[in-house]
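Q: The following block contains the structure, expressed as C-alpha cells.
What follows is calculated from the coordinates using simple rules that are stated; it is not laboratory data. Nothing here was measured: the structure is a model prediction, and the numbers come from that model. Here the Cβ positions follow ideal geometry from the backbone for every residue, glycine too, while neighbour counts run over all protein chains shown.
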Ligand code: ADP
Ligand code: TRP
C-alpha cells in the first residue's frame, strides 16, 4: 500500500460527514461531533493537520423527501456545528452537494464496484431483510461515501462503529482503482469513537432518531425538562442501594458532570435513600450548564443568516479546490482527458 508507507510522517487529514436527517441529539454530540472538534488543527495532541467536515445532504436525500425540511436540517446542522465549536478558521466546513466533483468521482468509482460488495453493506441489506423497498441511491450509498473520503485525500475518518464497514468498502475501491490506473487515491483509516461512549436514550436503548428516544442538543428548555423527567427508571424503593454503572440515568449524568460530581452521585446510588427525581433535576442542571455557551453562540449566529452562508460558501470553495485536483488526477489516470498519456510513477506492472 504505497500511500500508507511511502512518506512518513505524513500529514494527517481528518474528514467526516454527518447526515442532516433531523436535529442533532446528545448521542450525535458525544458519539461524533465532539470528536470532530477535538480533531481540528490546534485542538491538542489528538488534532489532525487538516480537517474537512461536511453536512451529507446527498446522503440524506435517501430518507428526507420534503425539500423544506431538508433545507431546514442543513441550515440547522451548520448552525449547530459552528455553535458547538467547529471552527471554520481551523476546519473546512461545507455542504456535500456544493462539491459536484464528488458525484463525478462517484461514477468513476462505481465502474470498479462489484455488485456483491454493495449487497453485503448493512444499510441496504437491513432494509431488504425487513422487506422494505430500497432505491439505487441507498444501494450505492457506500460508493458516494467512498468518493466523499477519497476526494479530499483524507487519511483519518472519525466514525461510529456502524460506519467502519463503509470505510472498508472505500479502501477496497481505492485499492482496485489504484491497482488498475496507478496511485491515484490515498487509503484512509477509520478512527473509532470510543465504544463505551454509546449514549443511551430516554428509554435506556441506544439514543437514536429511529427509536424516538432522543434529547436534542438545543432542545427548548421546556421540552428539555419534560423529556428528562420522562426518562424511564425502575421501580425499586428509594432506600435500596443501587449500582450506578449500567443505569442509563446515571450514564447520562456522567456525560455532563465533572469527575467529583460523578463520584458523588455514584456514592449516593450505592448508599441508597435517594429518588430518581432528584437525579433528574441534577441532570437537567448539568446538561443546561454544559451547553449554555453553545446555546448563546447559536442564538447570535442564527440572528445573522448571512454569516453562516458565508462560512459554508468559503468552505465549499476550499473543498472544491481540493476535490477538483483529486478528480483531475483520477480522470487523467483512467483516460478521460485527451492530453497525451502521463507517465505514472507509482504504477505497478
Ligand atoms: P441516528 O441513529 O439518530 O439516526 P445517526 O446515525 O445519524 O444518528 O448518527 C450520526 C453520528 O452520531 C454517527 O457517527 C453515530 O455513530 C453517532 N451516534 C448516533 N447515536 C449515537 C449514540 N446513541 N451514542 C453514540 N454515538 C451516536
Ligand atoms: N454515512 C455516514 C453516516 O450515516 C455519513 C457520511 C457520509 C460520512 N459520507 C461520509 C462519514 C464520509 C464519514 C466519511 O453517519
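Q: With a ≥ b ≥ c taken as the square roots of the eigenvalues of the C-alpha gyration tensor of the stretch 123-217, please select rounded if a/c is under 1.5 and otherwise prolate if a/b is larger than b/c or oblate if it is not?
A: On the way: a/c = 3.06, a/b = 1.59, b/c = 1.92.
Since a/c reaches 1.5 but b/c is at least a/b, the shape of the stretch 123-217 is classed as oblate.
Q: Going by alpha carbons, how many degrees (0 to 90, nearest 10) lie between the helix axis of 101-110 and the longest principal axis of the chain?
A: Compared with the principal axis, the helix lies near 70 degrees.
Q: Looking only at 30, 274, 185, which one moves most when the chain is put into a Gaussian network model with springs between Cα atoms under 10 Å?
A: Comparing 30, 274, 185 in a Gaussian network model of the chain, the most mobile one is 274.
Q: Still on this structure: If I take R0 = 22 Å and measure r between the Cβ atoms of residue 129 and residue 194 in this structure, what FRET efficiency does the formula 1/(1 + (r/R0)^6) give, to the nearest 0.05?
A: Working: r = 29 Å, r/R0 = 1.33.
So the FRET efficiency works out to roughly 0.15.
Q: How many percent of DSSP beta bridges within the chain run antiparallel, rounded to 5?
A: Beta bridges within the chain, antiparallel portion: roughly 10 percent.
Q: Let me check against my output: what whole-number percent is the relative contact order of the chain, with C-alpha pairs under 8 Å and at least 6 apart? Spell out each step's value before the answer.
A: On the way: 489 pairs, mean separation 76.1, N = 349.
The value is 22 percent.
Q: Still on this structure, please answer the following. Please identify, among 23, 298, 65, the residue showing maximal mean-square fluctuation in a Gaussian network model of the chain using a 10 angstrom Cα cutoff.
A: 65
Q: Once the Cα atoms of helix 141-150 and of the chain are each reduced to a long axis, what angle between those two axes, in degrees from 0 to 90 to the nearest 10, is obtained?
A: Once rounded, the angle reads 70 degrees.
Q: Output the peptides 277-285, 315-323 sorted from most to least packed, where packing is the average of other Cβ atoms within 10 Å over each peptide's residues.
A: Values: 277-285: 17.1, 315-323: 19.1.
Highest mean packing first, the order is 315-323, 277-285.
Q: I'm checking a number: the convex hull volume of the Cα atoms of the stretch 62-190, normalised per residue, in Å³. What is it?
A: Working: hull volume 16.9 nm³, N = 129.
About 131 Å³ per residue, rounded to a whole number.
Q: Ok, one more. What FRET efficiency do you get for residue 66 and residue 119 if R0 is 35 Å and r is their Cβ-Cβ distance, rounded to the nearest 0.05?
A: Details: r = 30 Å, r/R0 = 0.84.
About 0.75, to the nearest 0.05.
Q: Also, I was wondering about something else. Compute the relative contact order of the stretch 209-294 as a whole-number percentage, counting only Cα pairs closer than 8 Å that sit 6 or more residues apart in sequence. Present the calculation step by step, with values, prior to reporting the outcome.
A: Numbers: 60 pairs, mean separation 30.8, N = 86.
Normalised by residue count, the contact order of the stretch 209-294 is 36 percent.
Q: How would you rank 265, 173, 180, going from fewest to most other Cβ atoms within 10 Å of each one's own Cβ?
A: Values: 265 22, 173 25, 180 13.
Listing 265, 173, 180 from fewest to most nearby Cβ atoms yields 180, 265, 173.
Q: Still on this structure, I have one more. Using the Cα atoms of the stretch 209-294, I'd like the radius of gyration and the largest Cα-Cα distance, Dmax, both in angstrom.
A: 13.1, 38
Q: Related question: Using just the alpha carbons, could you tell me how many Å³ per residue the convex hull of the stretch 191-258 encloses?
A: Working: hull volume 9.1 nm³, N = 68.
Per residue, the Cα convex hull of the stretch 191-258 comes to 134 Å³.
Q: Same structure, new question: Based only on other Cβ atoms within 10 Å, what is the fewest-to-most ordering of 107, 26? It would help to have the intermediate numbers written out before the result.
A: On the way: 107 10, 26 22.
Taking fewest neighbouring Cβ atoms as first place, the list is 107, 26.
Q: In addition: So what's the back-of-envelope 222 nm ellipticity for the chain, counting only DSSP H runs of four-plus at -39500 (n - 2.57) apiece and dividing by all residues, rounded to 500? Each step should come with its number before you reach the end.
A: Working: 16 runs with 173 residues, N = 349.
That comes out to -15000 deg cm²/dmol.
Q: Given bins 5 angstrom wide, list per bin the percent of all Cα-Cα distances in the stretch 275-317, short to long.
A: 5, 19, 14, 15, 12, 11, 8, 7, 5, 2, 1
Q: In degrees between 0 and 90, to the nearest 10, how far off the longest principal axis of the chain does helix 292-302 point, with axes built from Cα atoms?
A: Around 50 degrees separate the two axes.
Q: Rank by packing, highest mean first: peptides 145-158, 225-238, 202-215, with packing defined as the count of other Cβ atoms within 10 Å averaged across residues.
A: Details: 145-158: 25.1, 225-238: 13.1, 202-215: 16.2.
The peptides rank, most packed first, as 145-158, 202-215, 225-238.
Q: Something else now. What is the fewest-to-most order of 13, 271, 34 by other Cβ atoms lying within 10 Å of their Cβ?
A: Numbers: 13 21, 271 11, 34 17.
Exposure proxy ranking, most exposed first: 271, 34, 13.
Q: To continue, here is another question. Across 20 Å bins from the origin, how do the percents of Cα pairs in the chain run, short distances first?
A: Reading upward from the zero bin: 27, 53, 18, 2, 0.
Q: Full-extension gain between residue 164 and residue 220, please, as 0.36 nm times their residue separation minus the C-alpha to C-alpha distance. Display every interim value, and only then the final one.
A: On the way: separation 56, 0.36 × 56 = 20.16 nm, distance 3.36 nm.
So the chain would gain 16.8 nm between residue 164 and residue 220.
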